[in-house]
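Below: the structure, in structure tokens.
The values are calculated or read from the model by the stated rules, or taken from the named source; none is laboratory data. All values reported here derive from a predicted model rather than from experimental measurement. Quick reminder, even Gly has a Cβ in these numbers, built from the backbone with ideal geometry, and neighbours come from all protein chains shown.
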Amino acid sequence: MSNITELIKKEIESLSTDATRTNIGRITTLADGVARVDGLSKVMFNEMVEFPNNVSGIALNLEEESVGCVVLGDASRLKEGDEVQTTGRLLSVPVGMGMLGRVVDAIGNPIDEKGPIDSSENYPVERIAPGIIPRQSVDQPLQTGIMAIDSMIPVGRGQRELIIGDRSTGKTTIAIDTIINQAKINKLGEESGDPDFRPVYSIYVAIGQKNSNIARTIKALEDNGAMDYVIVVAAPAADNPANQYLAPYAGCAMGEWFLRNGKDALIVYDDLSKHAVAYRQISLILKRPSGREAFPGDVFYLHSRLLERSARLNKDSGNGSLTALPIIETQMGDVAGYIPTNVISITDGQIFLETDLFNKGIRPAVSVGLSVSRVGSAAQVKAYKKVSGKVKLQLAQFRELAAFSQFESDLDAATKAQLDRGARIVEMFKQGVYSPVPVSVQTGVMWAMENNFFDSIDVSRITAAVESLKEYFSSSGKEVVQKIHEEGNLTKGIEEDLRRAVEDWKRSFA
Amino acid sequence: MTASPRIREISKKLLRLTLDEEGRMVEAKVCEVLETLRANPSRYHKLLLQLFLDHAIRESSKGLAIVEFAGKPSDSSIESLKIELSRQYGRNIDVEMRENLDLIAGIRVKVFDDVYEDSASSRLRPLERALC
Ligand SMILES: Nc1ncnc2c1ncn2[C@@H]1O[C@H](COP(=O)(O)OP(=O)(O)OP(=O)(O)O)[C@@H](O)[C@H]1O
Ligand SMILES: [Mg+2]
């Protein structure tokens with residue numbers, strides 16, 4: 001035994017020398033936030049390097065005679081001939097509960113003037129995604145509070161669901177609504193004191209957006225009381241491309257902390273089109289060979305390695321989850337572009353937003369035909385599944401029939417009924433910004449639709465009627481909604497209560 | 001003009017021609033290479049010479065340890081440093097001594113792009129960074 005301790009002691013002694021060993025180089029050229037460095041022969045890929053004046057960078061291109069480093073921060077403080085040093089560290093960012101409520105930049109520095117961040121842990125920004133063994137299939141819902149999505153394109157915890165559409169079609173709004181809904185659910189859950197309640201924390205990564213847009217988003221989160229559960233990572237358009245390239249990985253590292261600590265988190269990447277453009281810019285400056293649309297060859301890997309890090313872990317691995325809502329902006333509805341097809345193939349489904357619908361006032365402008373969730377329905381609440389099961393088919397049939405019926409003068413009764421129902425469902429799904437609806441209320445509304453309570457109301461008044469019913473469910477009809485929430489299923493008794501409540505509402509509405 | 005990979009390859013070959021068995025550059029061999037190049041000038045003559053020079057500078061700095069110190073180390077410790085470095089790099093390493101009072105106390109050894117440092121100023125650096 002004493003031999004062994006002696007052995008270990010010796011090992012420690014041999015370690016504890018105070019001399020440091022670093023590897024250095026000199027900047028040979030410096031342009032567009034990228035430094036070419038001579039030397040640094042022992043630098044690792046993705047290692048942090050240190051320039052003078054407290055500027056840091058990352059080694060991205062390891063070539064035979066030189067190294068290409070992207071500069072993080074102010075490159076104007078550097079000049080050719082400056083010495084560069086390896087650090088032996090991979091880039092990492094602060095993580096943990098202390099990050100909540102904060103706005104940080106791509107390397108985790110606070111930019112919200114709320115003082116230093118209370119965090120004692122750091123995670124590397126690049127990490128290999130969890131393998132197959134610790135993963136579990138998606139089986140818990142992540143409710144967006146948006147009726148059209150929760151009913152037809154349900155999202156589960158650990159899923160990666162793409163939000164895709166042209167510019168200004170309400171992509172960001174859907175993501176922010178979802179974040180606000182999580183905050184609302186968290187607050188109710190925490191108040192209920194339920195020990196099994198699992199809050200969902202959110203991370204919003206803004207890439208290449210205008211500062212004014214980011215400020216507006218943060219304000220919306222604050223005004224809706226969501227900021228306490230949110231981390232915002234901002235790499236605005238005016239930031240150098242290196243920061244824009246890093247921001248999603250930094251946000252993902254913060255999300256991974258929740259994942260690995262048995263908690264649930266949601267991450268929004270807004271948006272990955274701009275992320276790909278930032279990466280293209282860096283790659284062109286680094287003189288990497290470019291391919292289609294001048295993107296480098298590994299642009300697929302850029303997003304696959306990011307999105308693969310979202311997962312639902314099994315019980316043995318702590319039961320945590322990281323759900324991702326990446327956003328992609330298309331040009332004139334073209335989903336067959338290079339970056340859109342790449343990301344579509346990596347994700348578990350997409351929410352496709354159409355400009356046409358948006359302009360017609362059908363908002364959120366979710367396209368029924370092109371949107372899909374490949375795994376989410378396994379996670380829907382039973383009661384909700386019961387009432388929403390048919391709605392996607394009904395709506396799809398409606399769109400088809402509506403196109404046909406333009407040529408048809410007299411329609412048979414069944415077709416007419418389908419058209420009537422479809423038109424009312426479209427109206428029911430219209431929903432304003434930042435007003436997510438709890439799933440139990442959605443259940444009540446959809447149940448009323450399924451059970452013909454809206455049929456006698458004129459189509460033009462459906463939106464108002466739905467609003468009024470939602471209102472009713474949060475006042476006089478509170479009890480039945482609470483029962484649906486607690487039971488999670490529509491039993492005979494609850495259905496009776498529901499019928500009575502909706503009849504009561506209808507009398508007052510008419 | 002930027003050098004094509006082929007020119008780079010040739011310049012490296014030229015360097016290899018000037019090394020002896022222990023990997024050191026030999027002056028006579030360098031002269032020989034220069035003469036041959038002069039006798040058969042190519043379109044890339046100047047560029048090739050430039051690259052050859054870069055390699056030569058790099059190569060010679062690989063065999064040289066620049067030892068900066070504040071407080072001169074003893075001759076015996078310099079000798080043992082030389083032996084240790086030569087062992088580590090698998091080639092004969094010459095030592096060049098330079099006084100550098102910025103170190104405050106201690107020693108800093110630079111071999112090509114490796115730096116070994118044990119000095120007062122290097123220990124103060126993290127402190128300085130944490131404070132500002
Ligand atoms: N459901 C909705 N009801 C009413 N207005 C909406 C709705 N969704 C979005 N809008 C409005 O449409 C505009 C664009 O929305 P948003 O910023 O979410 O779109 P985007 O697709 O993210 O745009 P960008 O391409 O600029 O990022 C905003 O002014 C927003 O208020
Ligand atoms: Mg947006």
### Wholly enclosed helices (runs of 4 or more DSSP H) of the stretch B:26-132 bearing at least 3 residues among the basic types (Lys, Arg) and either more than 26 Å from B:GLU9 (Cβ to Cβ) or within 13 Å of chain A (Cβ to nearest Cβ) (or both)
B:120-131
#### Entry: Which numbered condition A:GLY361 fails, given (1) surrounded by fewer than 17 Cβ atoms within 10 Å (Cβ to Cβ); (2) within 28 Å of A:ASN489 (Cβ to Cβ); (3) assigned by TED's automatic domain parsing to the domain that holds A:ARG160; (4) not aromatic (Phe, Trp, Tyr)
(2)
### Query
Is the stretch A:72-80 home to any residue that is under 27 Å from the mean Cα position of the chain (by Cα), at pLDDT below 90 and not charged (D, E, K, R)?
yes
### Task
Say whether the condition of being surrounded by fewer than 18 Cβ atoms within 10 Å (Cβ to Cβ) and either more than 14 Å from every other protein chain (Cβ to nearest Cβ) or within 14 Å of ligand 1 (Cβ to nearest atom) (or both) is met by at least one residue in the stretch A:225-236.
yes
#### Entry: Residue list for the stretch A:194-224, filter: of a type in the set (S, T, N, Q), under 19 Å from A:LEU142 (Cβ atoms) and surrounded by fewer than 19 Cβ atoms within 10 Å (Cβ to Cβ)
A:ASN224
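For (1) farther than 30 Å from A:LEU306 by Cβ; (2) among the acidic types (Asp, Glu); (3) not assigned by TED's automatic domain parsing to the domain that holds A:ILE179, each residue gets a yes or a no:
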| position | (1), (2), (3) |
| --- | --- |
| A:SER345 | no, no, no |
| A:GLY376 | no, no, no |
| A:GLN394 | yes, no, yes |
| A:ASP412 | yes, yes, yes |
| A:LYS416 | yes, no, yes |
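Yes/no matrix, rows are residues, columns are (1) away from ligand 1 (no atom under 16 Å from the Cβ); (2) out of contact with any helix residue (DSSP H, G or I) (no Cβ under 9 Å at 6 or more places or on another chain); (3) in a helix (DSSP H, G or I); (4) at pLDDT 95 or above:
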{"position": "A:ILE132", "(1), (2), (3), (4)": "yes, yes, no, no"}
{"position": "A:VAL138", "(1), (2), (3), (4)": "yes, no, no, no"}
{"position": "A:GLY145", "(1), (2), (3), (4)": "no, no, no, yes"}
{"position": "A:ASP150", "(1), (2), (3), (4)": "no, no, yes, yes"}
{"position": "A:THR172", "(1), (2), (3), (4)": "no, no, yes, yes"}
{"position": "A:ILE176", "(1), (2), (3), (4)": "no, no, yes, yes"}
{"position": "A:ILE180", "(1), (2), (3), (4)": "no, no, yes, yes"}
{"position": "A:ALA183", "(1), (2), (3), (4)": "yes, no, yes, yes"}
{"position": "A:ASN186", "(1), (2), (3), (4)": "yes, no, yes, yes"}
### Message
For the list (1) more than 20 Å from B:ASP113 (Cβ to Cβ); (2) more than 11 Å from chain B (Cβ to nearest Cβ); (3) not acidic (Asp, Glu), I need the number of the one condition that A:ASN54 fails.
### Response
(2)
### Summary
Scanning the stretch A:364-404 residue by residue, the ones that are farther than 24 Å from A:SER435 by Cα and within 16 Å of ligand 2 (Cβ to nearest atom) total 0
#### Entry: From the options A:ARG167, A:ARG157, A:ARG198, residue that is within 16 Å of ligand 1 (Cβ to nearest atom), basic (Lys, Arg) and touching a strand residue (DSSP E or B) at 6+ places or on another chain (Cβ under 9 Å)
A:ARG167
### Query
Among A:ARG21, A:ARG89, which is in a strand (DSSP E or B) and farther than 30 Å from A:TYR204 by Cβ?
A:ARG21
### Message
Looking at the stretch A:181-201, can you tell me whether even one residue there is away from every other protein chain (no Cβ under 14 Å) and within 16 Å of ligand 2 (Cβ to nearest atom)?
### Response
no
### Qualifying residue in the stretch A:411-425 (condition: hydrophobic (A, V, I, L, M, F, W, C), within 30 Å of A:LYS171 (Cα to Cα) and touching a residue at least 24 places away in the same chain (Cβ under 8 Å))
yes
## Note on the structure
All-but-one check, A:GLU64 against (1) acidic (Asp, Glu); (2) away from chain B (no Cβ under 14 Å); (3) within 18 Å of A:ILE285 (Cα to Cα), failing number (2)
### Residue among A:GLU80, A:GLU47 that is more than 29 Å from A:GLU121 (Cβ to Cβ) and either exposed (fewer than 15 other Cβ atoms within 10 Å of the Cβ) or touching a residue at least 40 places away in the same chain (Cβ under 8 Å) (or both)
A:GLU80
### Query
Is it the case that A:ILE164 is touching a residue at least 40 places away in the same chain (Cβ under 8 Å), crowded, with 20+ Cβ neighbours inside 10 Å and within 16 Å of ligand 2 (Cβ to nearest atom)?
yes
